[in-house]
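What follows is a short report on a single structure.
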Amino acid sequence: MRIVFAGTPEFAVPCLRAAALRGEVVGVYTQPDRPAGRGRELTPSPVKLEAVQRGIPVFQPENFRSAEAKATLRALRPDVMVVVAYGLILPQSVLDIPEHGCWNVHASLLPRWRGAAPIQRAIEAGDTQTGVCLMQMEKGLDTGPVLLSQAIDIGPEDTGGQLHDRLAELGARVLADALGLLRATIVLPPQPQPAEGVTYAHKLDKAEAKLDWAQSAQTLANKVRAFNPWPVAEAQLLGERVRIYAARALDETHATTPGSVLRAGREGIDIACGAGVLRLQTLQRDGGKPIGAQDYRNARRDVFA
């Protein structure tokens with residue numbers, strides 16, 4: 001079998017490894033090298049690094065608008081093209097090139113959380129379950145029929161980073177199952193997505209990281225989990241900006257102005273919210289490292305007796 005793989009970030013690497021296990025990946029497409037770090041040096045994507053290490057040819061077109069880009073893909077004679085967080089919209093003329101079309105590994109239970117940030121949006125919304133769908137790609141945004149899917153629970157303390165890693169590995173297993181069926185000439189029946197239950201996972205914006213104490217404690221706790229490790233929730237606390245890596249909601253009533261410190265102990269710093277109380281457990285001051293609530297108290301003896 002001849003597989004072409006298209007992906008860019010770390011999330012896609014386990015799927016590339018699964019696809020390449022039998023030496024069937026004949027080409028890897030990934031985003032062009034981008035400036036990164038303080039020096040803004042051109043940096044290859046995680047998928048490119050994995051492909052180079054495996055000796056797989058790498059292609060990095062800006063897009064597939066040119067006839068040359070399509071001809072290059074066509075020359076690879078792919079049986080199937082696997083797409084995982086590639087970062088480019090593929091036109092129909094590209095989707096039609098592989099014999100079995102293009103498959104997309106998507107980190108949600110479609111049609112819920114179509115779009116760019118399904119992992120974080122699921123946590124932010126308070127979902128208790130998510131999963132991975134292998135979808136037959138079509139022109140719309142994550143609208144194609146589902147070929148295989150597998151669900152997992154979202155734990156009450158799962159962060160965006162932790163769920164990302166679990167779903168990346170789950171996606172690789174689902175993809176491996178599908179490729180095994182394709183090798184055995186077993187046709188996966190496409191299941192059209194239902195028209196009801198569609199939600200969109202819009203791309204994360206750094207401005208979203210600022211917490212509003214007037215919101216409920218549960219809403220804020222979900223944001224803290226969802227935005228760890230990026231963009232990391234932040235808030236004003238006792239006259240300074242802090243980033244918040246871990247917090248939990250307490251179902252507690254109060255009549256205090258949102259943003260006020262109710263108490264501070266070894267277990268955390270309790271902040272009054274619009275509804276309930278948010279217990280801050282891991283914080284980071286400007287220029288510092290993430291620290292526990294007790295260490296933060298010790299560092300702020302100007303406000304904590």
Among the residues of the stretch 156-168, write down those that are of a type in the set (D, E, K, R) and in a helix (DSSP H, G or I).
ASP165, ARG166
If you check every pair at least six apart or on different chains, which have Cβ atoms under 6 Å apart with a residue in the stretch 228-243 that is not assigned by TED's automatic domain parsing to the domain that holds ARG121 first and a residue that is assigned to a strand (DSSP E or B) and among the aliphatic types (A, V, I, L, M) second?
ALA233/ILE244; VAL242/LEU283
THR219 - would you say it is of a type in the set (Ser, Thr, Tyr), more than 18 Å from the chain's Cα centre (by Cα) and buried (at least 16 other Cβ atoms within 10 Å of the Cβ)?
yes
Pairs needed: first member in the stretch 55-79, farther than 12 Å from VAL26 by Cα; second member anywhere, among the basic types (Lys, Arg) and surrounded by 12 or more Cβ atoms within 10 Å (Cβ to Cβ); C-beta distance under 7 Å; at least 6 residues apart or different chains.
PHE64/LYS70
Residues located in the stretch 107-155, provided they are touching a Lys or Arg at 6+ places or on another chain (Cβ under 8 Å), in contact (Cβ under 8 Å) with a residue 60 or more places away in the chain and assigned to a strand (DSSP E or B)
GLY115
Please work out if THR143 is among the polar types (S, T, N, Q), assigned by TED's automatic domain parsing to the domain that holds VAL13, over 15 Å from the mean Cα position of the chain (by Cα) and within 26 Å of TYR245 (Cα to Cα).
no
Quick check, is LEU220 more than 23 Å from ARG112 (Cβ to Cβ), touching a residue at least 12 places away in the same chain (Cβ under 8 Å) and in contact with a strand residue (DSSP E or B) (Cβ under 8 Å, 6 or more places away or on another chain)?
no
For the stretch 115-161, name all the residues that are buried (at least 20 other Cβ atoms within 10 Å of the Cβ) and of a type in the set (Lys, Arg).
ARG121
Can you name the residue in the stretch 237-249 that is surrounded by 18 or more Cβ atoms within 10 Å (Cβ to Cβ) and in contact with a strand residue (DSSP E or B) (Cβ under 7 Å, 6 or more places away or on another chain) and is also farthest from GLY126 (Cα to Cα) among such residues?
VAL242
Specify the residue that is farthest from LEU170 (Cα to Cα); the eligible residues are those in the stretch 106-129 that are within 12 Å of the chain's Cα centre (by Cα) and among the β-branched types (Val, Ile, Thr).
ILE123
If we ask which residues in the stretch 64-98 are of a type outside the set (Ser, Thr, Tyr), over 22 Å from GLY171 (Cα atoms) and out of contact with any strand residue (DSSP E or B) (no Cβ under 6 Å at 6 or more places or on another chain), their number turns out to be 16
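The values are calculated or read from the model by the stated rules, or taken from the named source; none is laboratory data. Everything quoted here is computed from the prediction, not taken from an experiment. A quick note on method: Cβ atoms are made from the backbone with ideal geometry, for glycine too, and the neighbour counts reach across all protein chains shown.
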